[in-house]
Every structure is written in C-alpha cells, then in structure tokens.
Amino acid sequence: MGINDMEFSRRDFLKTAGAVGLAAAFGGFPSGLFAEERRLYKFPEKTDLILLTSRPPQLETPLHYFKELITPNNALFVRWHLADIPTSVDLSKWRLKVGGNTDRGLELSMDDLKKFERITYTAVIQCSGNGRSFFKPRIAGGQWQNGAMGNVTWSGARLKDILKQAGIRSGSVDVVFDGLDSGPLPKVPDFLKSLPVDKAIEDDIMIAYEMNGEPLTMLNGFPARLVVPGWFATYWVKALREITVVSKKYEEFWMKPAYRIPDNPCACVPPGSKPDKTVPITRMNTRSLVIGPSAGSTLKVNSAVDIMGIAFSGGYSIKDVIVSVDGGKSWREARCGTDMGRYSWIQWSHTWKPVEKGKYTIMARATNSIGESQPIESLWNPSGYMWNKIESVEVNVV
Amino acid sequence: MKSIIILIALLISVVFIRLNTEAIAEDTSAVKSIILPVIEGELKEGAGKDETAAFCNICHSTDYITMQPRLPADTWSAIVHKMIVVYGAPVNEDDSRTIINYLSSTYGAGK
C-alpha cells in the first residue's frame, strides 16, 4: 500500500478543498455545539474536552476539532476502563515484556523499541461506542456523541518485527496485550485484549510511541500503545507493559462477554432484543459526518456555503461521498480532499447556494472502495456499538 | 451498623482516590507524571443517596451513573447486579435494594 512511506509533512489541511471556505463562512465556534449542556473540563496535556466521567477519565472531543484533517494531541478523546490508570512512568525502568509461546522472552526499553524500523501512517482511532447516545431505545454505557474518535499520525515499530525477534512458535493462536492500568478491587477483570496471530503479524499493526510526531500523551497511552488501524480502538491497548503469545483462544472478560456484536452480516438485532450468537467487534464500518454548517445554524438565502465534513471506513479508502440538502430526496457527489491513505479520514465538501428560504435537512453518505456504505435507519445492537447511520443536520435559510 | 458500612465504603474510595492522584516527587528527565483532577460527582437528593454515593464511588466516579439516560428500573437493577456479580462490588442484598430504588426513582424512565 505504501502508506508507511507517507510523510507527515503532507498534512496541509488548509489546502484541502472546503477547509478555507469553511473557516471563512463559520469563523469561530458553531452555535448549538454544546446543546446537551455537557461540561467541559481540562485534564493534564489536554485542552477543554467534554467530561463523561472523571475516574477513570472518559473525555470527548468537541465536534469543531474535526474541521481539521489531523486531530491535535491535546484534543484527542480519552477512554479508560479501570480507575487505576498510570499517572507516572519512569522510562529508565519501563520495559515492554514479550513472551509466552515464543523462542525467547524480550524486555524492551524505549530505546530498544526505537531500534526497530520506524513506520508512520495516519489512522482514525474510534471507540466502539462512539455515537452510543444516538441509539433508540437508549443503551447504558459511555454516552458518547460523535467525539470518541480522531485522526492521528502514528509512528512506532511493527508488531510483526517484535514478534519475529521473540520467535513465535508454531501452534500459536492469539497474542494478548496488557497495559499498566488495573482494576481498583481484586475481582474487577484486568483490561487485556487479544488479536488472532494472523492479524497480529499483518504489516500495519504497530506499537506506537508517537502521535503526531510527539510522545504519546499520558492519557492516550504513554509510553507505547497498540495501533490496529481499521479496527475499533478497544484493541489499541494503552500504556503497554506485556505482550503474550498464547496457544489457546483467549476469551477472558474484555474479549468475552465484553465487546461483542451480533454474529450476523448487519451486526444488528431488532431494537431491544438479544442476539443468539455473538463475535468480538473488530473492523470499523463506514461513516461520514457533517461538520459544517452545524445543526441549527442560520444561513443566508442566495449566498453560497460550503457544506463540509469527514468520511472514513475500516481500512478501505473512501470511494465517494454524496450530499443531500433536501432530506435525502436528491444527492450530489461531494469533492474529496487530500488522500492520506486507506486508514485516514478524508475531508469532503460541497458548495451549496440555497435560493429559497426555509428549513433544510443536510445529509451525507460515504461509500468505501469495497462498497460498504451507511444505513438510512440505524442498525441496533445491545451494546450500542458501530453507530453509522446517515446523520441529518437541520439548518434554517433566511 | 449501616452507617459504619457506608463509612468504610467511603474510606476505601477516599484512600483510593488519594493514592491515584498523589503528586509524584521524583523528577528525573526519564519520568513523565501527571496529576489527575479530582472532580466531585453530584447525585440528586433522594432516599438511598448516601448508600449510592458510598458504594457506587468505590471503583469509579458517580458520573458513571449521572451520564446515563433515564433507564427503566429493570435496567438499573441489572446494572447494580452486574457490579456485584461481575466486578465484585461489596454491596449486600439490603443495600442493593436501596440503591436500585434510589436509581429507579431518581434516574429512572418510569414504567
């Protein structure tokens, strides 16, 4: 794919179609952004983010940051599961242990990690429960709107190269990842996640030690985290301490029964019901978002406005984005901005000049290169994962 | 008796929060540290608030409760039982009934 060769310097979002127009048309913060009156709070190394929970921290990115192609480190969302999170790491003592069903055990310092070939690519990180608060009937859990995601340029070592150095033995089934976080009481299951071996040795799986050219922020997983581009962030274990190769299918709590989706093509069940069979959630589905104009904005009749937004899918480039201003009756193809590779989101825009006053419903729908798109009605599942319904943004033209 | 249990639960959570947010004295360049803000969660008034504030603040902040949409009583009941059975919340039968009643009447969706 050549995405590893992509240079960070190509990140010039101002050149992207739409961004300039948008900045001009919507200088400042869109109104109505904080409609649900959610509190903003500043955590270490972070800007003001929407507070979902404080201990452990779950912080959501305000939508206006998604006007940018790359999400700044201080604005990237935060999601921990267990209250005992690392708040201090001494790199002179920190080691990434690698072992289990391997020829040898490794204890890698940060310097050792940096000796492996460095790879870099831009990839969307998105929480499985992003958009959970939109499901009907409502679902208990993190009440995210659209801000549990971001587009970040990650750098680090290939997991494959590390596993090769350790020497994976035949008969290996899963690779298990453990971070420095732990449960506050003994019975709370430690947060461990696993990848099938075949997935773990794919070229693009990374042990990342940099985000956007800087060391990871503590709340995003300093000193190193797993990056599984195209898959939901539940696998992207933060503040890694140990990687263990196992010869049996790993099915502890956070793999089963947690983070499961219905085992059928739509990963859905009739709203309110339970699936007979489930599988672990894995690859992200296709999504697009309208970032501007924001819901409830007032636009002027006969003046052109750039409708703009973002689109991404789980590892397959976006083929096209279509936009409607009449609630889905007619559609036009949007212009797409810089292509940062198949794991990144793209920015899109569509210039619109409303010639009549009234209420309008703006919608956008993305399709990826293997034909995956977005549903008109939401597909419901009991955990509130994989929200990707076509969103509607109502605006007023006066 | 009941207030003693609540006090113990409170103590556990206070000690835990302190451990987690204590400033770290070491300062070599290899060390990266942050100090997490301590944010007081606010629960609405109602019978059972004290039990809820004590037991449901041990493992996580009570905004885990307050961020939820209004949920039906059986969902609150399922959540409290999950905390006890799956995560080992040290809540006895009596207190769990009090907490479920509080959650269903204060943060409930009605029938």
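The values are calculated or read from the model by the stated rules, or taken from the named source; none is laboratory data. Computed from a predicted structure; not experimentally measured. Please note: Cβ atoms are built from the backbone with ideal geometry, for glycine as well, and neighbour counts cover all protein chains shown. Ligands, DNA and RNA are excluded from the accessible area calculation, which covers all protein heavy atoms including side chains. Shrake-Rupley method; radii C 1.70, N 1.55, O 1.52, S 1.80 Å.
Converting phi to 3J(HN,Hα) with the Karplus coefficients 6.51, -1.76 and 1.60 and the offset θ = phi - 60°, segment B:84-99 yields 6, 6, 7, 9, x, 4, x, 10, 7, 3, 4, 5, 5, 5, 4, 5 Hz in sequence order, with x at every glycine or proline.
Remark on residue A:291: its backbone amide H falls under 5 Å from those of A:308, A:309, A:310, a criterion applied only to residues 5 or more positions apart or on other chains, H modelled at 1.01 Å from N.
Give, in nm to one decimal, the length gained when the segment between residue A:90 and residue A:185 is fully stretched (0.36 nm per residue of separation minus the Cα-Cα distance). Walk me through the numbers on the way to the answer.
Numbers: separation 95, 0.36 × 95 = 34.20 nm, distance 2.47 nm.
Using 0.36 nm per residue and subtracting the Cα-Cα distance, I get 31.7 nm.
For segment B:61-111 versus segment A:87-135, the inter-centroid distance based on Cα atoms is 35 Å.
The lysines whose alpha-carbon is closer than 26 Å to the alpha-carbon of residue A:319, local same-chain residues fewer than 8 away aside, are A:15, A:67, A:199, A:329, A:353, A:389. The charge dipole of segment A:59-106, taken about the Cα centre with unit charges on the Cβ atoms of Lys, Arg (+1) and Asp, Glu (-1), comes to about 180 debye, rounded to the nearest 20.
Shown here: chain A, whose C-alpha atoms stretch 71, 48, 40 Å along the first, second and third principal axes, sorted largest to smallest.
Please average, across the residues of A:48-58, the number of beta carbons from any other chain that are within 10 Å of each residue's own beta carbon, and give a whole number.
Numbers: counts 0, 0, 0, 5, 3, 10, 12, 17, 6, 4, 5.
If you average over the peptide's residues, the count of other-chain Cβ atoms is 6.
Residue B:66 sits with roughly 60 Å² accessible to a 1.4 Å probe, with DNA, RNA and ligands left out of the calculation. Does segment A:100-226 come out rounded, prolate or oblate by the C-alpha gyration tensor, with a ≥ b ≥ c the root eigenvalues, rounded set by a/c under 1.5 and, if not, prolate when a/b is larger than b/c and oblate if not? Prolate.
Cα centroid separation, segment A:301-375 to segment A:41-77: 25 Å. Ranking A:240, A:165, A:109 by Cα position along the charge dipole of segment A:103-252, where only Lys, Arg, Asp and Glu carry charges on their C-beta atoms, puts A:240 farthest toward the positive end.
To the nearest 10, the accessible area of residue A:173 is 60 Å² with a 1.4 Å probe. Taking the Cα centre of segment B:49-107 as reference, the dipole from Cβ charges on Lys and Arg (+1) and Asp and Glu (-1) amounts to some 200 debye.
Each of A:58, A:271, B:36 was scored by the projection of its Cα onto the charge dipole of the protein assembly as shown, and the greatest displacement toward the positive side belongs to A:271; charges sit on the C-beta of Lys, Arg, Asp and Glu.
In debye, nearest 20: dipole of segment A:254-398 around its Cα centre with unit charges on the Cβ of K, R (+) and D, E (-)? Intermediate results must be reported in sequence, preceding the final value.
Numbers: 17 positive and 12 negative charges, 29 e Å.
Around 140 debye, computed over segment A:254-398.
For segment A:208-222, putting each phi into the Karplus relation 6.51 cos²θ - 1.76 cosθ + 1.60 with θ = phi - 60° gives couplings of 8, 10, 9, 10, 6, x, 10, x, 4, 6, 4, 6, 9, x, 3 Hz, in residue order, rounded to whole numbers and with x for Gly and Pro.
Per residue, the protein assembly as shown reaches -4500 deg cm²/dmol at 222 nm when only DSSP H runs of four or more residues are counted, each adding -39500 (n - 2.57).
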